[in-house]
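The block underneath contains the structure these notes are about, expressed in structure tokens.
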């Protein structure tokens with residue numbers, strides 16, 4: 001890409017900016033830049049001041065994030081560690097006399113609860129078909145002694161666009177006899193799969209073109225483009241070259257062209273025997289993998305290949321396990337019998353695969369990633385009158401086109417809420433199982449063919465012959481509660497009633513006289529409090545460190561010009577130091593830390609305890625608000641008066657004064673004052689805003705940064721005007737000198 005052109009006009013150079021100083025001998029561009037330095041310094045100062053605000057905003061948002069995370073963990077009703085929850089201060093263990101039945105919930109209710117008998121558990125409606133669906137024989141393509149293969153199929157190239165790398169791989173199915181237009185079309189097809197290369201108008205930043213037999217890469221975007229790596233086949237056939245490390249890139253609108261025209265053809269002829277000698281196939285028989293090599297062979301026909309593979313497979317797995325045959329089309333087929341033996345190709349060399357038409361992951365089972373017609377089903381699937389494959393699942397009709405894969409069919413049905421089933425295929429038994437999503441007697445599984453399409457019959461067989469639906473059942477329990485016996489029926493195995501949560505399993509069926517032991521778990525409460533104090537200490541220590549961190553005045557924000565002279569690691573190290581101390585002695589931060597410290601240490605009127613009474617005390621000489629947790633003292637206090645500890649933290653202020661607020665409420669108020677609810681209001685948020693909210697750009701710091709940007713934009717306009725003025729003056733000087741030189745030459749010629 002060129003930014004200026006040079007030509008000789010009266011002994012001067014002409015650039016896009018004006019006439020340079022070849023006549024005067026002046027370095028005009030350098031002089032102009034020096035004359036603009038004063039304005040550039042003003043721009044840099046404004047930019048650096050703006051960037052400092054950006055660093056400060058980043059620091060504030062980190063603080064806000066810390067507040068929000070702490071609040072979400074301990075002050076949100078959706079959190080399992082919520083202090084307001086009674087579970088935080090009252091942890092109870094429930095032990096069942098039958099390990100297949102679990103309970104939780106209200107301890108008092110559970111103490112007076114017993115399950116007399118589980119008459120039934122909730123089950124799904126379901127069936128497993130005996131209809132085997134796969135064509136258990138798979139085969140290769142036609143085998144010939146020689147084959148023309150594409151030199152470009154599967155080849156890759158890596159293009160750098162801007163600062164990002166994109167690897168484009170030509171499809172394996174590229175026709176060996178494709179011309180350059182077809183190759184260009186395939187490369188553009190690969191570009192279209194990369195969303196990051198798409199322009200707003202729907203075009204793509206990279207476009208391959210055929211320029212009279214020479215391939216080119218057009219830059220339709222705004223960034224620089226270069227070739228970073230090439231497959232050998234692409235380099236040899238298309239004559240493209242890797243761009244040099246320095247330079248070699250193209251800008252917007254430019255075309256990066258090959259050095260010469262592409263070759264006339266993009267295929268080569270290979271001998272089967274040579275390809276086999278250099279390759280191998282790994283077979284898999286019931287999870288036993290064996291690799292067959294062709295090192296000392298000279299195979300060139302299907303008969304020779306059949307005989308060799310039969311001998312090697314007999315050695316690997318035993319005679320009679322796998323039968324290798326020659327097909328009518330001139331290939332070979334593999335048959336592992338009609339039992340449940342799973343046989344296939346685990347891996348195969350690329351060139352061998354291409355010659356034989358066999359691929360890795362080909363087994364004697366349906367390939368669920370392939371279309372209905374190519375998946376290897378043992379029956380032909382017929383279409384409906386409107387040329388669709390159709391199936392009805394619980395009276396919901398699904399329609400599929402010919403190219404739809406088996407996996408696509410299963411996913412569409414399994415993800416449909418109204419159909420309400422889950423269909424799976426067993427590779428071992430080669431059959432399908434259908435299970436209702438929900439449990440209970442109300443569930444059903446009903447699958448039928450529709451409009452002449454036999455898709456249901458091919459996949460599942462015939463109801464009553466190949467499968468029988470087992471209907472779902474409800475859970476039914478006889479229970480005794482507070483001395484009164486009753487029967488409970490539910491459609492699921494996990495349910496609640498009267499404050500008790502019950503969880504059954506299939507093993508619960510017929511369980512009798514199940515009782516539950518209730519005991520307190522003090523260890524859990526101590527652990528909850530220890531984690532809370534630790535997280536609180538981490539928060540206040542973080543805030544205190546931010547306030548005490550001094551800025552390093554030697555590290556101002558870098559300008560773009562400065563960054564160009566530095567490596568990425570140098571820039572990163574510099575910016576880390578430049579960002580330090582952005583919140584040094586910040587009053588708002590002091591206030592936020594003070595709010596937290598007071599919330600934790602203020603007396604809670606009417607609670608009957610203070611934090612020092614329960615083993616929580618301030619660190620001597622530490623003014624950040626950090627606390628010490630004495631586990632033994634807390635245990636003793638909890639054993640003596642657990643209610644007072646809970647009130648100290650969760651006492652509500654609804655009918656009293658703020659002095660009666662529990663610690664959790666005081667903390668919640670302090671955090672909401674500074675960051676609001678999840679960082680959407682509050683003093684800190686109003687000052688810096690938070691990402692992905694309405695405050696992201698509407699905040700004090702963003703508005704100040706916008707003011708700096710307006711000043712920068714004005715200074716840039718001014719500098720451009722100055723640049724044009726200076727270039728105009730130097731251009732006039734060069735023209736005057738050129739004119740004088742011309743007159744002098746004319747006068748000299750008159751006296752000769």
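Report yes if residue 227 is in contact with a helix residue (DSSP H, G or I) (Cβ under 7 Å, 6 or more places away or on another chain) and in contact (Cβ under 8 Å) with a residue 24 or more places away in the chain, otherwise no. Spelling it out, it is not the case that residue 227 is in contact with a helix residue (DSSP H, G or I) (Cβ under 7 Å, 6 or more places away or on another chain) and in contact (Cβ under 8 Å) with a residue 24 or more places away in the chain.
None of 159, 143, 227, 215 is surrounded by 18 or more Cβ atoms within 10 Å (Cβ to Cβ) and within 30 Å of residue 305 (Cβ to Cβ) except 143. Of 671, 645, 683, all but one fail to be surrounded by 13 or more Cβ atoms within 10 Å (Cβ to Cβ), touching a helix residue (DSSP H, G or I) at 6+ places or on another chain (Cβ under 6 Å), in contact (Cβ under 8 Å) with a residue 60 or more places away in the chain and more than 21 Å from residue 85 (Cα to Cα); the exception is 683. Check segment 654-662 and report whether any residue there is in contact (Cβ under 8 Å) with a residue 60 or more places away in the chain and surrounded by 17 or more Cβ atoms within 10 Å (Cβ to Cβ). Looking through segment 654-662, none of the residues is in contact (Cβ under 8 Å) with a residue 60 or more places away in the chain and surrounded by 17 or more Cβ atoms within 10 Å (Cβ to Cβ). When residue 633 is tested against (1) assigned to a loop (DSSP other than H, G, I, E, B); (2) surrounded by 15 or more Cβ atoms within 10 Å (Cβ to Cβ); (3) on the phi < 0 side of the Ramachandran plot, exactly one condition is not met: (1).
Scanning segment 528-585 for residues that are within 31 Å of the chain's Cα centre (by Cα), part of a helix (DSSP H, G or I) and free of Cβ contacts under 8 Å to residues at least 12 places away in the same chain yields 538, 563, 568, 569, 570, 572, 573, 576. When 226, 289 are checked against the criterion of being modelled with pLDDT under 95, assigned to a strand (DSSP E or B) and touching a strand residue (DSSP E or B) at 6+ places or on another chain (Cβ under 7 Å), a single residue qualifies: 226.
So is residue 696 surrounded by fewer than 15 Cβ atoms within 10 Å (Cβ to Cβ) and not in a loop (DSSP other than H, G, I, E, B) or not? Spelling it out, it is not the case that residue 696 is surrounded by fewer than 15 Cβ atoms within 10 Å (Cβ to Cβ) and not in a loop (DSSP other than H, G, I, E, B).
I'd like to know if segment 177-192 contains one or more residues that are touching a residue at least 40 places away in the same chain (Cβ under 8 Å), touching a strand residue (DSSP E or B) at 6+ places or on another chain (Cβ under 6 Å) and within 30 Å of residue 225 (Cβ to Cβ). Taking every residue of segment 177-192 in turn, at least one turns out to be touching a residue at least 40 places away in the same chain (Cβ under 8 Å), touching a strand residue (DSSP E or B) at 6+ places or on another chain (Cβ under 6 Å) and within 30 Å of residue 225 (Cβ to Cβ). Return the residues of segment 379-409 that are touching a residue at least 24 places away in the same chain (Cβ under 8 Å), touching a strand residue (DSSP E or B) at 6+ places or on another chain (Cβ under 9 Å) and not in a loop (DSSP other than H, G, I, E, B); say none if nothing qualifies. Listed by number, the residues that qualify are 389, 390, 391, 392, 393, 397, 400, 405, 406, 409. Residues in segment 520-540 that are touching a strand residue (DSSP E or B) at 6+ places or on another chain (Cβ under 8 Å) and farther than 18 Å from residue 600 by Cα were compared, and the one that is surrounded by the most Cβ atoms within 10 Å (Cβ to Cβ) is 520. Taking the criterion of being crowded, with 18+ Cβ neighbours inside 10 Å and under 27 Å from residue 490 (Cα atoms), the residues of segment 421-442 that qualify are 421, 423, 434, 435, 436, 439, 440.
So that you can scan it fast, the table gives a plain yes or no per residue for (1) surrounded by 14 or more Cβ atoms within 10 Å (Cβ to Cβ); (2) touching a helix residue (DSSP H, G or I) at 6+ places or on another chain (Cβ under 7 Å); (3) over 25 Å from residue 554 (Cα atoms); (4) modelled with pLDDT under 90:
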residue	(1), (2), (3), (4)
570	no, no, no, no
581	yes, no, no, no
590	yes, yes, yes, no
594	no, no, yes, no
599	yes, yes, yes, no
607	yes, yes, yes, yes
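Report whether or not residue 289 is out of contact with any helix residue (DSSP H, G or I) (no Cβ under 6 Å at 6 or more places or on another chain), surrounded by 15 or more Cβ atoms within 10 Å (Cβ to Cβ) and either farther than 18 Å from residue 343 by Cβ or in contact (Cβ under 8 Å) with a residue 24 or more places away in the chain (or both). When the stated conditions are applied, residue 289 does not pass them. Would you mind finding the one in 92, 81, 128, 28 that is surrounded by 15 or more Cβ atoms within 10 Å (Cβ to Cβ) and closer than 30 Å to residue 434 by Cα? Being surrounded by 15 or more Cβ atoms within 10 Å (Cβ to Cβ) and closer than 30 Å to residue 434 by Cα holds for just one of 92, 81, 128, 28, which is 128. Picking from residues in segment 181-212 that are under 31 Å from the mean Cα position of the chain (by Cα) and farther than 22 Å from residue 155 by Cβ, the one that is surrounded by the most Cβ atoms within 10 Å (Cβ to Cβ) is 198. Restricting attention to segment 239-269 and to residues that are crowded, with 17+ Cβ neighbours inside 10 Å and outside any loop (DSSP other than H, G, I, E, B), the residue that is modelled with the lowest pLDDT turns out to be 250. The number of residues in segment 350-377 being buried (at least 19 other Cβ atoms within 10 Å of the Cβ) and assigned to a loop (DSSP other than H, G, I, E, B) comes to 8.
Residue count for segment 459-476, restricted to those that are assigned to a strand (DSSP E or B) and touching a strand residue (DSSP E or B) at 6+ places or on another chain (Cβ under 7 Å): 5. Selection within segment 443-472: residues that are surrounded by fewer than 19 Cβ atoms within 10 Å (Cβ to Cβ) and closer than 24 Å to residue 509 by Cβ. The member of this set that is farthest from the chain's Cα centre (by Cα) is 468.
Of the residues making up segment 292-307, those that are in a loop (DSSP other than H, G, I, E, B) and in contact (Cβ under 8 Å) with a residue 40 or more places away in the chain are 300, 301. The numbered conditions (1) surrounded by fewer than 14 Cβ atoms within 10 Å (Cβ to Cβ); (2) under 30 Å from residue 590 (Cα atoms) are all true for residue 728 except (2).
All of 215, 209 fail the test of being assigned to a strand (DSSP E or B), out of contact with any strand residue (DSSP E or B) (no Cβ under 6 Å at 6 or more places or on another chain) and modelled with pLDDT of 95 or more, apart from 215.
Per the listing 479, 487, the residue uniquely in contact with a strand residue (DSSP E or B) (Cβ under 8 Å, 6 or more places away or on another chain), surrounded by fewer than 14 Cβ atoms within 10 Å (Cβ to Cβ), at pLDDT 90 or above and part of a strand (DSSP E or B) is 487.
On the basis of being within 25 Å of residue 430 (Cβ to Cβ), part of a loop (DSSP other than H, G, I, E, B) and at pLDDT 95 or above, does residue 324 make the cut? No: the conditions fail for residue 324.
The values are calculated or read from the model by the stated rules, or taken from the named source; none is laboratory data. Because the structure is predicted, anything quoted here is derived from the model rather than measured. Backbone-built Cβ (ideal geometry, glycine too); neighbour counts: all protein chains shown.
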